[in-house]
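Asks: Quick one: the structure is below, and I'll ask about it shortly.
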Amino acid sequence: MKKLFLTLIAVVTLSVVSSAQITQIKSTQLPAQARKTIQVTWNNAPIVDAWKNKDGRRIEYKASVENGSIIKFNANGQWIEVKSYGGVPNSLLPNALLAHINKYYEGQQIVWASKTPKRYQVQLTDGSKLEFTPKGVFQAFL
């Protein structure tokens, strides 16, 4: 019985893993909005790599630019996550969020940011993780 259960778990795990398809794509295959965000926010920095992740009906894109930033986009090309050890560009974040960081975390940079319709999450250079409302009002420490 235990062997059957373990075999069943392995089959289910493999089917879930195999359903996700990550493929490298040309930068021109990124959604137009994603290319525009990179062009405007990263001053036309060259896109080094681009990927498409299709997991069932969900599609996401990921691009890395020359300065080392990695940006994840939803199927419509709207950014949903940014990792940048040089600092996440301020233009992507609400002013209230930036003001809170400047007031309470002077000298810290935002090195990771994630956004959903319900919240922003950020991580600072000192490792602090914070959550904000869509308008940038502080909510919680993570």
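The values are calculated or read from the model by the stated rules, or taken from the named source; none is laboratory data. As the structure is a prediction and not an experimental result, all values here were calculated from the model. A quick note on method: Cβ atoms are made from the backbone with ideal geometry, for glycine too, and the neighbour counts reach across all protein chains shown.
Asks: So which residues in segment 50-65 are among the aromatic types (Phe, Trp, Tyr) and either in contact (Cβ under 8 Å) with a residue 60 or more places away in the chain or out of contact with any Pro (no Cβ under 8 Å at 6 or more places or on another chain) (or both)?
Replies: Going through segment 50-65, the residues among the aromatic types (Phe, Trp, Tyr) turn out to be 51, 61.
Answer for segment 50-65, where residues must be among the aromatic types (Phe, Trp, Tyr) and either in contact (Cβ under 8 Å) with a residue 60 or more places away in the chain or out of contact with any Pro (no Cβ under 8 Å at 6 or more places or on another chain) (or both): just 51.
Asks: May I pose another question? Scan the strands (runs of 3 or more DSSP E) fully inside segment 17-132 and keep the ones with 3 or more residues being touching a Gly at 6+ places or on another chain (Cβ under 6 Å) and among the small types (Gly, Ala, Ser). First the steps, then the outcome.
Replies: Values: elements: 20-25, 47-55, 58-65, 70-74, 79-83, 110-116, 119-124, 129-132.
Because the criterion is at least 3 residues that are touching a Gly at 6+ places or on another chain (Cβ under 6 Å) and among the small types (Gly, Ala, Ser), no strands (runs of 3 or more DSSP E) in segment 17-132 meet it.
Asks: Quick one: in segment 80-96, of everything that is farther than 12 Å from residue 120 by Cα and in contact with a helix residue (DSSP H, G or I) (Cβ under 7 Å, 6 or more places away or on another chain), which residue is surrounded by the most Cβ atoms within 10 Å (Cβ to Cβ)?
Replies: Among those that are farther than 12 Å from residue 120 by Cα and in contact with a helix residue (DSSP H, G or I) (Cβ under 7 Å, 6 or more places away or on another chain), it is 89.
Asks: What are the residues in segment 20-44 that are in contact with a helix residue (DSSP H, G or I) (Cβ under 9 Å, 6 or more places away or on another chain) and either loosely packed, with under 14 Cβ neighbours inside 10 Å or free of Cβ contacts under 8 Å to residues at least 40 places away in the same chain (or both), if any?
Replies: Across segment 20-44, the qualifying residues are 27, 28, 38, 40, 44.
Asks: In the set 95, 102, which member is polar (S, T, N, Q), in contact (Cβ under 8 Å) with a residue 24 or more places away in the chain and farther than 20 Å from residue 34 by Cβ?
Replies: Details: 102 fails: in contact (Cβ under 8 Å) with a residue 24 or more places away in the chain.
Being polar (S, T, N, Q), in contact (Cβ under 8 Å) with a residue 24 or more places away in the chain and farther than 20 Å from residue 34 by Cβ holds for just one of 95, 102, which is 95.
Asks: Here's something else I'd like to know. Here is a list of conditions, (1) in contact (Cβ under 8 Å) with a residue 24 or more places away in the chain; (2) outside the structural domain of residue 114 (by TED's automatic domain parsing); (3) crowded, with 16+ Cβ neighbours inside 10 Å, and residue 47 meets all of them except one; can you say which number that is?
Replies: For residue 47, the exception is condition (1).
Asks: Something else: Could you tell me whether residue 66 is within 26 Å of residue 130 (Cβ to Cβ) and not aliphatic (A, V, I, L, M)?
Replies: For residue 66, the condition - within 26 Å of residue 130 (Cβ to Cβ) and not aliphatic (A, V, I, L, M) - is not met.
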